[in-house]
Amino acid sequence: MLVCPLDCWDICQMNKKEDKFIPSKNGITNGYLCYKLNNYFKHQKYNPEYNINDIELLLKSTTPNRVLFLKGSGNLGIMQNITKLFFERFGATFAVGSSCDGKGEEGIIRAIGDTPILTTDKLLNKAKNIIIWGRNPYITNTHLIPFLKDKKIITIDVRYTDTAKHSDTFYQIKPNTDIFLAKYLITKDKKYLKITGLKEVDELEKILDESIILLGLGVAKNSYGDKTTHTIYALNRPTAFLGNSGADLNIPFNIIPKNSMPLFEIDWNKIDVVFIQGANPLISLPNFHIPDDKKVIVFGKYLDKTAKRADVFIPTKDFYAKNDIRSSYFHEFVFKNEKVEDDYGISEYEFTKEMFDRFGFDGLLDEKEYINMIYKEKREIEYPSQKVEYIDFDVDYEDDIYLVTAKNKTSLNSQFKVDKFAYMNDYEGKAILKTEIGEIEVEVKKDVNIPKNVVFMYAGSEVNQIISSKGYNATYSQKVKICKK
């Protein structure tokens, strides 16, 4: 059985028949695969000639802490993290941070100590009502949908999403006002409700005490996203953000590096070589640039913008050509991925073993030993029982036009079929979008479902060039000016 490696909540199971995936009819997958897997083989891998000697020579000629190790999460097999063992032993500097859930996770960890998963048992048997807040499972978590059957669904979002269309009640709030809605639900102070743009939330108030809350990244894509998630958790309902996919697993690759830099505050004066694995940071990371004088090694699959910048490219084997393990940030199950055929390139384990041998390092276990050490069929996850104290965080909010981004069903960040258009309520044509970071020219399409105070774009496009980031986390949603052409 194969297990999808993509950065997704669901973890589909399938078999491979020539250049086609056949979905499993059991478990979470339930006979359905997403657009990306159904079109997987239309996207050609990049398989150039490569020489592992080039990497050895480049690394051996560089002071170890002047090598930056940057690993993305476009592929989420647990064994793909084994490269960390080599780069930590080597003495590289790790780029640490998140372009995704980091800001929201920060607030949840402060509130309850971890980002727990609401197990499928809680969804199936104990949830009477479900509040979907800043999340669009009909696009990003389609295998959650059967769990929503016969439950009362309330959706809270900035735009009228596919999930909103399937909900009993929809509340459309202004961008970045999620914290004020949570404040209102706790304090009943109408001034907070007014900021959100809503006049009432009667249905929400009526069912809140008998609900679970499914949070998406949308609630935390701003500079105070940690305060937002903390405040929502202070509603003291069972709540799920992106859960800790490593919970209750023995993962030997979870290391705290001796040398690190914040992902969005890299001191390039201290770096000579960048090793990039499973990522396309020149597109996928907000406001990210690599100086021209730095050597770049890319360990990946596609000839994307970052791969074109590489001095050395190492093609990784595809997921069906290696053994691996997948766990989810949606559910408690763990799956083994079993190699079904060989492939060009080198797996992460093979690369790590090669580097250990070439640098004279010992202690690396056999691949099967790691897999047996980590794997268990089902994780035992307990939702924290402690009550979260409400903190009245002081947050400034300005009414303005905001740039909002979200995932698309045809793409995964910069992978697959990317939608590069901007969407506005009342305009179609070319425009220049300006933020405090910079500006880009875009083609705008009209969409009446987009609020008038929003410019909407899908992730994976050039929009990240004008999105802010600081320290360990990206912030995304921010004020934007539109110059119509």
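Any idea what % of Cα-Cα pairs in the range 1-116 are farther than 19 Å?
Above the 19 Å cut-off, the range 1-116 has 66 percent of its Cα pairs.
The range 289-318 and the range 359-414 have Cα centres lying 25 Å from one another.
Based on DSSP H runs of at least 4 residues, each adding -39500 (n - 2.57), what is the mean residue ellipticity at 222 nm of the chain after dividing by all its residues, to the nearest 500 deg cm²/dmol? Could the numbers behind the result be given before it?
Numbers: 14 runs with 101 residues, N = 485.
Taking each H run of at least 4 residues, the total per residue is -5500 deg cm²/dmol.
Multiplying the residue separation of residue 38 and residue 446 by 0.36 nm and removing their Cα-Cα distance gives an extension gain of 144.0 nm. Over the range 264-331, accessible surface divided per residue gives 33 Å², non-protein components excluded, 1.4 Å probe. For the range 27-134, GluC sites (Glu not before Pro) meeting the loop criterion (DSSP other than H, G, I, E, B) and having at most 11 other Cβ atoms within 10 Å: 49.
Atom-type composition of the exposed protein surface of the range 323-410 places 44 percent of the accessible area on carbon and sulfur (1.4 angstrom probe).
Percent relative contact order of the range 1-142, based on C-alpha pairs within less than 8 angstrom and at least six residues apart? Walk me through the intermediate numbers first.
On the way: 98 pairs, mean separation 28.5, N = 142.
Relative contact order, the range 1-142: 20 percent.
Express in whole angstrom the spacing between the alpha-carbon centres of the range 165-212 and the range 415-447. So the separation of the two Cα centres works out to 29 Å.
Debye-formula intensities of the range 307-369, expressed as log10 I(q)/I(0) at q = 0.13, 0.19, 0.28, 0.30 Å⁻¹, are -0.51, -0.91, -1.15, -1.20 (one equal scatterer per alpha-carbon, no solvent).
Taking the Kirkwood radius as Rh and the Cα radius of gyration as Rg, the range 81-185 has a ratio of Rg/Rh equal to 1.08. Run the lone-cysteine check on the chain: no other Cys C-beta under 4.7 Å from the residue's C-beta. Here 8, 34, 100, 483 come out as lacking a disulfide-compatible partner, given the Cβ-Cβ threshold of under 4.7 Å. Per-residue packing, averaged as other Cβ atoms within 10 Å, sorts the ranges 138-148, 217-227 into the order 217-227, 138-148, beginning with the highest. If you sort 89, 66 by accessible surface, 1.4 Å probe, largest first, the order is 89, 66.
Beyond 14 Å, what percent of the Cα pairs of the range 78-128 remain? Write down the numbers at each step before the final one.
On the way: 918 of 1275 pairs.
More than 14 Å apart: 72 percent of the Cα pairs in the range 78-128.
Normalised radius of gyration (Cα atoms, divided by 2.2 N^0.38 Å) for the chain: 0.98. The order of the peptides 198-205, 161-168, 346-353 by mean Cβ neighbours within 10 Å, most packed first, is 346-353, 161-168, 198-205.
What's the FRET efficiency of residue 354 with residue 434 using the Cβ-Cβ distance as r and R₀ = 56 Å, to the nearest 0.05?
0.75
Any of 190/221; 45/409; 60/336; 103/190; 122/227 with alpha carbons more than 32 Å apart? Name them for me. As for pairs spanning more than 32 Å Cα to Cα, those are 60/336. Could you tell me how many degrees, from 0 to 90 and to the nearest 10, lie between the Cα long axis of helix 102-112 and the main elongation axis, the longest principal axis, of the Cα atoms of the chain? Helix 102-112 sits roughly 70 degrees off the main axis of the chain. Shape analysis of the range 217-299 based on the Cα gyration tensor places the equivalent ellipsoid semi-axes at 32, 19, 12 Å, largest first. No solvent, one uniform scatterer per C-alpha: report log10 I(q)/I(0) for the range 352-485 via the Debye equation at q = 0.10, 0.18, 0.22 1/Å, two decimals. For the range 352-485 at q = 0.10, 0.18, 0.22 Å⁻¹, log10 I(q)/I(0) is -0.61, -0.98, -1.30. Among the protein heavy atoms of the range 213-322, carbon and sulfur supply 46% of the accessible surface, probe 1.4 Å, non-protein parts ignored. One way to sum up the overall shape of the range 181-237 is the equivalent ellipsoid from its Cα gyration tensor, whose semi-axes run 18, 15, 10 Å, largest first. Computed over protein heavy atoms with a 1.4 Å probe, the accessible surface of the range 1-91 works out to 46 Å² per residue.
Rounded to the nearest 10 degrees, the angle from helix 348-359 to the longest Cα principal axis of the chain is 40 degrees. Our estimate of slack between residue 109 and residue 287, defined as 0.36 nm per intervening residue step minus the Cα-Cα distance, is 61.4 nm.
The values are calculated or read from the model by the stated rules, or taken from the named source; none is laboratory data. None of the values given here were measured: they were computed from a predicted structure. Heads up, the Cβs are rebuilt from the backbone with ideal geometry, glycines too, and the neighbour counts pull from every protein chain shown. Note: accessible area is taken over every heavy atom of the protein model, side chains too, but ligands, DNA and RNA are not part of it. Shrake-Rupley method; radii C 1.70, N 1.55, O 1.52, S 1.80 Å.
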